[in-house]
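Only one structure is covered here, and it is reproduced in the block below.
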Amino acid sequence: MRVILVPLPARDFDPTEVAVSWKMLVAAGHAVRFATPDGGPADADDLMITGEGLDPWGVIPGLRRLVAVGRILRADSAGRAAYAQLTAAPEFLSPLRWDTIDLDTVDGVLLPGGHRARGMRSYLESPVLQAVIVEAFRRGLPVAAICHGVLLAARSIDPDTGRSVLYGRRTTSLTWRQERLAASIGRVARFWDPGYYRTYPDLADQPAGYMAVQSEVTRALARPEDFVDVDPADPDARIKNDGRHRDRPGNARPAHVVVDRNYVSARWPGDAHTFAQRFAAVVSQPRVAAEAGGDQLGS
């Protein structure tokens, strides 16, 4: 059994990316430890659980429970079921504090995402977590990141090199295509909060998408081509990119996951089962094999 550390913000993490990863890692025989800023249980983004507030009428209290667009945008049934189980798990209810994380006690680190700025920015900008991630890469620990979790890794700068820990790695993340689509829907469906899906909006003098996750992650890499999107020639490219299909334990076709040595990355909740399965396999390898096993790319 290996122990996986999952740092979380105090609130607004994506429920699927956390709960499905937890469920799959535990099913693979691993233990999961959580860490939050204050050592208290974290709260997921409630909109992603209920879907309430993701429809144009969601601003009206009496109509919030009428979910239409929100039914599509929220976590699917597998994500919601996994989250319900997670919230009763002892390890979730008794997390560590970020400042007490000890990498000597863990065998890998998984960085989930979430997009709601009110809770996620403190996570993405935390110097404490960035230092933990730098040390994890220095030690050769397996690290996994999904969605905005990849942005946290990209922002983790090794002081010895002045470069991101992802420099020289290949990775994916939430793509600009996905972020732009969600933002365009959100501007209509949640018109009173049009920036809900953009954690970091572009400034007036920046081109569209400059502050998108894909753009910032790519700027941290050694080469732009080290950002790995779905290959247009992939026979499953349509279902990987349409935003409607999500993976399952027995169906990885909709998922896009990139494995580069002991680093695993994915784009969004629709990749979560495959992402966690592949990370569980990496963590299970002997440390030397995980570090030196060569690049593996795949969807």
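Below are the figures for this structure:
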read-out: Residue in segment 172-181 that is among the aromatic types (Phe, Trp, Tyr) and within 17 Å of the chain's Cα centre (by Cα) present; value: yes
read-out: When residues of segment 230-243 are limited to those that are among the small types (Gly, Ala, Ser) and part of a loop (DSSP other than H, G, I, E, B), the one nearest to residue 267 (Cα to Cα); value: 243
read-out: Meets criteria (closer than 18 Å to residue 38 by Cα, among the aromatic types (Phe, Trp, Tyr), in contact (Cβ under 8 Å) with a residue 12 or more places away in the chain and in a helix (DSSP H, G or I)) for residue 92; value: yes
read-out: Filter result (aliphatic (A, V, I, L, M), buried (at least 18 other Cβ atoms within 10 Å of the Cβ) and either part of a helix (DSSP H, G or I) or in contact (Cβ under 8 Å) with a residue 40 or more places away in the chain (or both)) within segment 212-229; value: 213, 217, 220, 221, 228
read-out: Flag if residue 268 is under 15 Å from residue 147 (Cα atoms) and of a type in the set (Phe, Trp, Tyr); value: yes
read-out: Yes/no for residue 100 being within 27 Å of residue 244 (Cα to Cα), modelled with pLDDT of 95 or more and either surrounded by fewer than 14 Cβ atoms within 10 Å (Cβ to Cβ) or in contact with a Gly (Cβ under 8 Å, 6 or more places away or on another chain) (or both); value: no
read-out: Tally, over segment 45-79, of residues that are part of a loop (DSSP other than H, G, I, E, B) and either farther than 15 Å from residue 17 by Cβ or of a type in the set (A, V, I, L, M) (or both); value: 12
read-out: Subset of segment 135-168 [out of contact with any Phe, Trp or Tyr (no Cβ under 8 Å at 6 or more places or on another chain), over 20 Å from residue 32 (Cα atoms) and of a type in the set (Val, Ile, Thr)]; value: 157
read-out: Selection from segment 264-280 of residues that are assigned to a loop (DSSP other than H, G, I, E, B) and either among the acidic types (Asp, Glu) or more than 15 Å from residue 19 (Cα to Cα) (or both); value: 267
read-out: Residues located in segment 249-263, provided they are of a type outside the set (A, V, I, L, M, F, W, C) and either within 17 Å of the chain's Cα centre (by Cα) or in a loop (DSSP other than H, G, I, E, B) (or both); value: 249, 250, 253, 254, 256, 260, 261, 262, 263
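The values are calculated or read from the model by the stated rules, or taken from the named source; none is laboratory data. Keep in mind the model is a prediction, meaning the values are calculated, not measured. Cβ: placed from backbone, ideal geometry, glycine included. Neighbour counts: every protein chain shown.
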